[in-house]
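A short write-up of the structure that comes next.
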């Protein structure tokens, strides 16, 4: 095992004047390098600036088309909304009709429980009941019409 303690290297920092002078000496080289780099990049930058409005217009147009398609045909788009709305209206009509039928049946049940004239009417119609001295006439069922004979198939 190595138990030696390693100390960091001690650096001597030059005074501020020397640091500034070294920075100024390197500035000419940095400025020359930057100038060369800008000369190489300038034609591309000008081309990008010229195409910037076209690219932005194209991007906005694509976004608008995508947004239109999503709003129209998306999972909760207008097409789905209209289909669900039509289904809702159909179901609402069915519910109203069933509630009306239910109310009619409830009225019939209450009449059959309380109204003696209604009870008598149902007894006469369904069970052919009659009061003493009355005669009931029942018409016979009509015979089913014979199918028309057509001899055109045998020719």
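Under 10 Å, Cα contacts only: if you run a Gaussian network model on the chain, which one of 53, 34, 90 comes out with the highest mean-square fluctuation?
Maximum among the listed residues: 34.
Pick from 60, 79, 12: which residue has the top mean-square fluctuation in a GNM of the chain where Cα pairs under 10 Å get a spring?
Looking only at 60, 79, 12, the largest GNM fluctuation is found for 12.
What's the angle, to the nearest 10 degrees (0 to 90), between helix 78-114's Cα axis and the longest principal axis of the chain?
With rounding to tens, the tilt is 30 degrees.
Helix 116-127 versus the longest principal axis of the chain: what is the Cα-based angle in degrees, 0 to 90, to the nearest 10?
Approximately 80 degrees, to the nearest 10.
What order do you get for 134-141, 105-112, 25-32 when each peptide is scored by the mean count of other beta carbon atoms within 10 Å, highest first?
105-112, 25-32, 134-141
Tell me the angle of helix 16-73 to the major Cα principal axis of the chain, expressed in degrees between 0 and 90 and rounded to the nearest ten.
So the helix axis and the longest Cα principal axis differ by about 10 degrees.
For the stretch 42-60 and the stretch 112-131, what is the separation of their C-alpha centers, rounded to whole Å?
Comparing the Cα centres of the stretch 42-60 and the stretch 112-131, I get a distance of 92 Å.
Mind checking the full-extension length gain between residue 122 and residue 79? Use 0.36 nm per residue of separation minus the Cα-Cα distance, one decimal, nm.
Extending this stretch completely gives an extra 10.3 nm.
So if each residue of separation counts as 0.36 nm, and I subtract the Cα-Cα distance between residue 32 and residue 130, what length gain in nm does that give?
22.8 nm
A short reminder: the numbers here are calculations on the coordinates, not readings from a lab. Treat the numbers as computed from the prediction; the structure is a model and nothing was measured. Positions of Cβ are backbone-derived with ideal geometry, glycine not excepted, and every protein chain shown enters the neighbour counts.
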